[in-house]
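The structure appears below as structure tokens.
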Amino acid sequence: MTNDKSREELQQEVQELRARLEIAEETLRAICQGEADALVVSGSQGEQIFTLRNNDSLYRRLIEEVKEGAATLTDDGFILYCNRSLARLLKRSIKKAIGSDFNEYITPNQKSIFKTLLQQERGGHSQGEFNLIVNDLTTLPIHVDISSVTINDVKIKSLIVTDLTEQKRNEEIIVSEKLARSIVEQAAEAIVVCDETGQIIRASIAAHQLCGQNLLFQPFDVIFPLQICQSDWQTPPSEKLEATVKEEDNLLDTKQWFFVATVLNGESFQGVEVLFHQKDGQQFNLLLNARLLSHPESSLKGCILTLTDITIRKQAELELQLAKADLETRVAERTVQLQQLNAQLTNWVKELEQRNHEIVLMGKLSDMLQACLTVEEAYYTLSRLIQSLFPNMSGGVFLINASKNLVEAVATWGDETLVSQKIFTPRECWGLRRGRIHLFAVDTCSLECKHIIPNAFFTDTLCVPMMAQGKAMGVLHLSSQVQGQLTTAKKQLAVTVAEHIALALANLKLHETIQEQNIRDPLTGLFNRRYLEESLEREIQRAKRKQLCLGVMMLDVDYFKRFNDTFSHEAGDMVLRELGRFLKKQVRGSDIACRYGGEEMTLILPETSLEATIERAEQIRAGVKHLKLQNRNQNLGTMTLSVGVACFPEHGLTGESVIHAADEALYRAKKEGRDRVVCSENGE
């Protein structure tokens, strides 16, 4: 409670002041109208008589000394006179206040009300509460008392202004105290106020409900035995606290139990979780906030404690933790599954990428094999490209020879780690013997092929038969020094590669056979005339570019018709066949031996001078006489040759002209007696 005056007391003082003021005004009126010559005033000093001049001075002194603000106003509200109290309220000097409009000191929203009071004539008296605007633009709450006074037939207004600031402040304090008390009592949390001895002197309704009994003037530690849940909280060392704890219970651990003496000794608690057990055994989880309660203007010493029931929240947290743990377990399990699936998917992607890479390489291999013109080109292509399909492995392509008795390597890779012999018999390979893929692994029960080099280092070997048109052409052999490289996918790839290789080589061999038939004479095995014409033009152009010579021989079997007529056409064919074999042995790799027609043969000798060509012709002519010609065990006698020789560019600048010159020389050799070599005499 406050010691200041109440509103009723202030109003009573205002009424008394108003009565005195009315008497003074009446006296003043009487003096002014000449109805009184003197004024008798009774006081502690007895009766005193004042003349008119003294009365005016006394009146002014009386008005000046009053606590309330006083003024006289015109009917319009202009200040005719004011005392010092009103000037202080307005924060103006008396001189500046007199003559100003009092309406301007009233807040705008209340001006109309104030003007209405000035104009009212309710027994000459009206009052109200307003907000006064002072010189520093702040506002003050005031009570206004307005009286009407007539002096010399002039109506004026007397104004008494009472400052209500302190009264309003006290009223607000009272309202705030009531509100605070109501808030404490109606708060959802248990709020307890203890005095300096630890006894409860005030408690909220929630605190009574939590405890289940009357709390006032009971020891807090007895009513609320609180166990601290936060193990990392420690009370500060204090001799007084230790003594208090011992008095409470020597067996209690200060690190586990809460005592109100801790707070009274200056320690604050904020958001500390504690456990509270009711007498019926029910347990509550509470959140403790505690601090000292002191105010410089109050003699009350103690502490205030707030206990918030978080039992439901803790149960929810526990359930949430359990749910979280369960969820984390399921997430972990699902994560493992996803990781496994991701790893599996990654492996699939890698396998797909590997398959795609292999398909690209297979396409490249197939294209290159189709572009090869000879099997030798195909062998070289295989040795370069297959290794990229089987990295970190060695191996080779082995083909069965024409005699079907040997298997020979035609393309190998990784020769430093090749574990197979390069020549072996078909019976030494289980893949060829069984006609199916054969895998041998060191750590499994399987048979090792006999063509594997003894004591060679490897972990797995694979032999894949290469089949074409139902027949085995050879075998694709692979070996690995790392276990597990020959996977199912690699084995399937090896089968596909073997099929492509077999088909490509079979096509090439067929193509070569057809090509040979197109350019070879079937009887002698020499090139035919069409190949001669194509090759001669090519060699003539090459000789021109390099500015070299080119020798040409035209050979004819002497008396060939005698062989046919005497020994049969079969014997004649045998003679031509033997001549073809003989010429193949006599020519170089760059030379071209052809059957020009009938018993005439042609030899093209690139980069050979005329002298060398004549010398070679003599060697052939002499060598053919040593051939033993027999047909069905019948001796056919000796074969002789007539040879015509010509040379580029001496005897012609074109292939046709050189052939023609050699042919003319041949004709001369026959005409001159056969069995001789004749050089052309024609020159370009």
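The values are calculated or read from the model by the stated rules, or taken from the named source; none is laboratory data. The structure presented is a predicted model; accordingly, all values stated were derived computationally and were not measured. All Cβ positions, glycine included, derive from the backbone under ideal geometry; neighbour counts span all protein chains shown.
The figures follow:
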{"item": "Of all residues making up region 466-511, the number that are farther than 15 Å from residue 386 by Cα and of a type in the set (S, T, N, Q)", "result": "7"}
{"item": "Only one of 446, 394, 388, 383 that is of a type in the set (Ser, Thr, Tyr) and touching a residue at least 40 places away in the same chain (Cβ under 8 Å)", "result": "394"}
{"item": "Positions within region 276-301 being modelled with pLDDT under 90, small (Gly, Ala, Ser) and either farther than 23 Å from residue 193 by Cβ or in contact with a helix residue (DSSP H, G or I) (Cβ under 9 Å, 6 or more places away or on another chain) (or both), in sequence order", "result": "281"}
{"item": "Residues within region 387-435 that are in contact with a helix residue (DSSP H, G or I) (Cβ under 9 Å, 6 or more places away or on another chain), within 12 Å of residue 464 (Cβ to Cβ) and not in a strand (DSSP E or B), tallied", "result": "2"}
{"item": "Residues of region 650-684 satisfying the condition of being touching a Leu at 6+ places or on another chain (Cβ under 8 Å), closer than 15 Å to residue 549 by Cβ and surrounded by fewer than 24 Cβ atoms within 10 Å (Cβ to Cβ)", "result": "650, 655, 679, 684"}
{"item": "Scope region 549-563; condition in a helix (DSSP H, G or I) and touching a residue at least 24 places away in the same chain (Cβ under 8 Å); matching residues", "result": "560, 563"}
{"item": "All positions within region 434-455 that are closer than 25 Å to residue 510 by Cα and charged (D, E, K, R)", "result": "436"}
{"item": "Test result for residue 422, closer than 24 Å to residue 460 by Cβ, modelled with pLDDT of 85 or more and not assigned by TED's automatic domain parsing to the domain that holds residue 467", "result": "no"}
{"item": "Pairs, first within 30 Å of residue 493 (Cβ to Cβ) and at pLDDT 90 or above in region 324-352, second acidic (Asp, Glu) and surrounded by 11 or more Cβ atoms within 10 Å (Cβ to Cβ), C-beta under 7 Å, six or more apart", "result": "none"}
{"item": "Filtered residues of region 349-359 (kept if among the hydrophobic types (A, V, I, L, M, F, W, C) and either within 20 Å of residue 505 (Cα to Cα) or surrounded by 12 or more Cβ atoms within 10 Å (Cβ to Cβ) (or both))", "result": "359"}
{"item": "Hits in region 521-548 (condition: of a type outside the set (Asp, Glu), in contact with a strand residue (DSSP E or B) (Cβ under 6 Å, 6 or more places away or on another chain) and not in a helix (DSSP H, G or I))", "result": "524, 526, 527"}
{"item": "Elements of type strands (runs of 3 or more DSSP E) in region 566-684, at least 3 residues being without any contact (Cβ under 8 Å) to a residue 40 or more places away in the chain and more than 60 Å from the chain's Cα centre (by Cα)", "result": "none"}
{"item": "Residue identified as surrounded by fewer than 20 Cβ atoms within 10 Å (Cβ to Cβ) and either among the charged types (D, E, K, R) or in contact (Cβ under 8 Å) with a residue 24 or more places away in the chain (or both) among 502, 489, 494, 498", "result": "489"}
{"item": "Failed item in (1) under 22 Å from residue 644 (Cα atoms); (2) modelled with pLDDT under 90; (3) crowded, with 20+ Cβ neighbours inside 10 Å, with residue 587 passing the rest", "result": "(3)"}
{"item": "Test: residue in region 130-140 that is closer than 22 Å to residue 16 by Cβ, modelled with pLDDT under 85 and surrounded by fewer than 19 Cβ atoms within 10 Å (Cβ to Cβ)", "result": "no"}
{"item": "Identity of the residue in region 416-452, surrounded by 14 or more Cβ atoms within 10 Å (Cβ to Cβ) and among the acidic types (Asp, Glu), that ends up farthest from the chain's Cα centre (by Cα)", "result": "428"}
{"item": "Residues that are of a type in the set (A, V, I, L, M), closer than 25 Å to residue 167 by Cα, out of contact with any Phe, Trp or Tyr (no Cβ under 7 Å at 6 or more places or on another chain) and assigned to a helix (DSSP H, G or I), drawn from region 63-99", "result": "63, 86, 87, 89"}
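Yes/no per residue for (1) closer than 18 Å to residue 495 by Cα; (2) of a type in the set (A, V, I, L, M):
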residue: 445; (1), (2): no, no
residue: 450; (1), (2): no, no
residue: 454; (1), (2): no, no
residue: 457; (1), (2): no, no
residue: 460; (1), (2): yes, no
residue: 463; (1), (2): yes, no
residue: 466; (1), (2): yes, yes
residue: 471; (1), (2): yes, no
residue: 478; (1), (2): yes, yes
